[in-house]
Amino acid sequence: MNRTLAWVGLLARLVTGGVWIVAGALKITEPDASIAAVRAYQLLPSSLAEAVGLALPAVEVVIGLALVLGVLARGAAVLSAVLFLAFVIGIASVWARGIEIDCGCFGGGGADPGASSAYPWEIARDVALLAASVLVAALRRTPLALDSLLFVRRPVPAAGAPEGAEN
Amino acid sequence: MSSNNSKASARAQKVADERAAQARRETRRRILTIVGVVAAMALIVGGAITVSLLNKKDVKAAPAGSSEYGVTIGDADAPHTVIIYEDFLCPYCGALEAETRDDLERLAADGKVLVEYRPFDLLSPSFGDYPIRAASAFALLLEESGPEVAKKFHDLLFENQPSEQDPDSVSDDDLVAFAVEAGAEEAVVREGIEGVSHRDWVEAATAEAKDADVQGTPTVILDGEVFEDGRTVQDVADNLVKALD
């Protein structure tokens, strides 16, 4: 694997994971704001909005931990990419409908007049993080990941190796 | 020769078996590791959701008709009660008003619901003192001119709601004009409206809403439970009217 690319992958993994941990942790203790933020997108029916508002911060923290520690990093990166794609669609959708809300990305949320001026930058940020997630998923392994300890490839004796050469 | 051959093939077989067994052990270990990690993740997700649920606040509103800081329409012993916490500047409150007012008035007149409107000041920290001026004028009318005039004034405030960007487009003179249109006497209310006579009332109403853990506006409470059934304000309004009819 290209060494530089591997370290860029590590950086992408740590930055994306760090963003998830912060974003999730800020919301876990503010469930009412989190639910209100999801409702403000006016995309999901009421009961589903409540479930998403409660569960999303928890999922964000776990994806962040998995990325930072490098545990099942590839799967976490794929989930991360899917979520960022969903957020980009969500923000684009409120923008298109002329709804002005705080994206609720890092807590807060709800109606916020004048918020639409922030939409392009929020979308750009999420696209960048989406790209970083895709890179991590594409690289399979990045340096300094716990996965390297958990899933060591033990040498399997080669076919037809003479006895005694196994160890 | 043939025995040599069979010895060699037995040995090869043994090596192959060992390799297969080791590959199985390896796969098993991998699967167990993945299961363990996923289980740990599920535990963290569960723990975090539990923390969220413990931090979730239920609105504990005083029963409809029992607050000092509201105006009611309808029968006190109607089968349903609705409480609406609102800020005179909040655009969604204006939208909810426009969608529900006629239906709620009809249902209240038919004895099907007791509705209490509880205005308070949510938005002055962000958008200036219009919410305080408007709610103070509402309280003044409630005291000086009675609940019917105050309700009419409340309706006029929402019909002529300023935008959050320009809340001062509704001046004190405009508030006086709405009050007169609602049925108040200008001589009685002008001084109070211009001097924001009921600022204390607004602060107390706001404190009561905060104590009840009202998180935002509009907060609609149907028969004691927060009512949020719907994707948009319009959905919520339609479903509320449906639930009462």
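Per-residue HN-Hα couplings for segment B:203-217, Karplus 6.51 cos²θ - 1.76 cosθ + 1.60 at θ = phi - 60°, whole Hz, x for Gly and Pro?
Per-residue couplings from phi come out as 4, 5, 4, 5, 5, 5, 5, 5, 4, 7, 6, 6, 8, x, 10 Hz.
Roll a 1.4 angstrom probe over the protein heavy atoms and tell me the percent of accessible area of the protein assembly as shown that is carbon or sulfur.
Roughly 58 percent of what the probe reaches on the protein assembly as shown is carbon or sulfur.
Roughly how large is the A-B contact in terms of buried accessible area, totalled over both chains, probe 1.4 Å, nearest 100 Å²?
Summing both sides, the interface buries roughly 3100 Å².
For the protein assembly as shown, just the Cα set please: Rg and Dmax, both in angstrom.
Answer for the protein assembly as shown, Rg first and Dmax second: 31.1, 126 Å.
Please work out the FRET efficiency for the pair B:Glu194 and B:Asn160, using the Cβ-Cβ distance as r and a Förster radius of 22 Å; give the result to the nearest 0.05.
0.75
What does the highest-first list of B:201-209, A:84-92, B:20-28 look like by mean Cβ count within 10 Å?
In decreasing order of mean packing, B:201-209, A:84-92, B:20-28 become B:201-209, A:84-92, B:20-28.
Tell me the per residue accessible area of segment A:3-140 using a 1.4 Å probe; a whole number in Å² is fine.
Computed with neighbouring chains in place, this is 42 Å² per residue.
Using the Karplus equation 6.51 cos²θ - 1.76 cosθ + 1.60 (θ = phi - 60°), what ³J(HN,Hα) coupling, rounded to whole Hz, does each residue of segment A:97-104 give in order, writing x for Gly and Pro?
Result, rounded to whole Hz: 7, x, 8, 9, 9, 6, 5, x.
Return the long-range amide H neighbours of B:Lys112 (sequence gap of 5 or more, or a different chain), with a cut-off of under 5 Å between placed amide H atoms.
Under 5 Å from the amide H of B:Lys112: no residue qualifies.
For segment B:1-56, compute Rg over Rh where Rg is the Cα radius of gyration and Rh is the Kirkwood radius from the inverse mean 1/r over Cα pairs.
1.59
Along segment A:83-90, what does the Karplus equation 6.51 cos²θ - 1.76 cosθ + 1.60 (θ = phi - 60°) give for ³J(HN,Hα), rounded to whole Hz, x for Gly and Pro?
5, 5, 4, 4, 5, 4, 4, x
Under Stokes-Einstein, with the Kirkwood radius over Cα pairs standing in for Rh, what whole-number D in µm²/s applies to segment B:139-245 at 25 °C and 0.890 mPa s?
Approximately 154 µm²/s, per Stokes-Einstein.
Rounded to the nearest whole Å², what accessible area per residue is found for chain B with the 1.4 Å probe?
About 51 Å² of surface per residue is accessible.
At a Cα cut-off below 22 Å, give the lysines reachable from A:Lys27, other chains included and same-chain residues fewer than 8 away excluded.
The qualifying lysines are B:Lys56, B:Lys57, B:Lys210.
With a 10 Å cut-off between alpha carbons and a GNM built on chain B, which of B:Asp229, B:Asp200, B:Asp17 moves the most?
Sorting by GNM fluctuation, first place goes to B:Asp17.
How much of the pair distance distribution for chain B lies past 22 Å, counting alpha-carbon pairs only, in percent?
Every Cα pair in chain B considered, those over 22 Å come to 62 percent.
Work from the charge dipole of segment B:71-244 (Cβ charges, +1 for Lys and Arg, -1 for Asp and Glu, about the Cα centre) and give the residue of B:Gly192, B:Leu240, B:Thr206 farthest towards its positive end.
B:Leu240
Calculate the mean, over all residues of peptide A:62-75, of how many other protein chain Cβ atoms lie within 10 angstrom of the residue's Cβ.
2
Which residues of segment B:47-84 end up with at least 40 Å² less accessible area in the presence of all protein chains than when their chain stands alone, using a 1.4 Å probe?
Residues losing area: B:Ala48, B:Ile49, B:Ser52, B:Asn55, B:Lys56.
In peptide B:215-222, how many Cβ atoms from other protein chains are near each Cβ within 10 Å, on average?
Per-residue shielding by partner chains comes out at 2.
Test of understanding: in a Gaussian network model of chain A with alpha carbons linked when under 10 Å, which of A:Asp102, A:Asp147, A:Asp112 would top the mean-square fluctuation ranking?
A:Asp112
Rg/Rh for segment A:3-140 to two decimals, with Rh computed the Kirkwood way over all alpha-carbon pairs.
0.99
Say we join alpha carbon atoms closer than 10 Å with springs in a Gaussian network model of chain B; which of B:Asp172, B:Asp87, B:Asp102 then has the biggest fluctuation?
B:Asp102
Using the Cα centre as the reference, give the magnitude of the dipole from point charges on the C-beta atoms of chain A (Lys, Arg: +1; Asp, Glu: -1; all else neutral), rounded to the nearest 20 debye.
In debye, rounded to 20, chain A gives about 560.
The values are calculated or read from the model by the stated rules, or taken from the named source; none is laboratory data. Bear in mind that the values here come from a model prediction, so they are computed numbers and not experimental data. With ideal geometry, Cβ positions are generated from the backbone for all residues, glycine too; neighbour counts draw on all protein chains shown. Side chains are part of the model used for accessible areas, which takes the heavy atoms of the whole protein and leaves out ligands, DNA and RNA. Shrake-Rupley method; radii C 1.70, N 1.55, O 1.52, S 1.80 Å.
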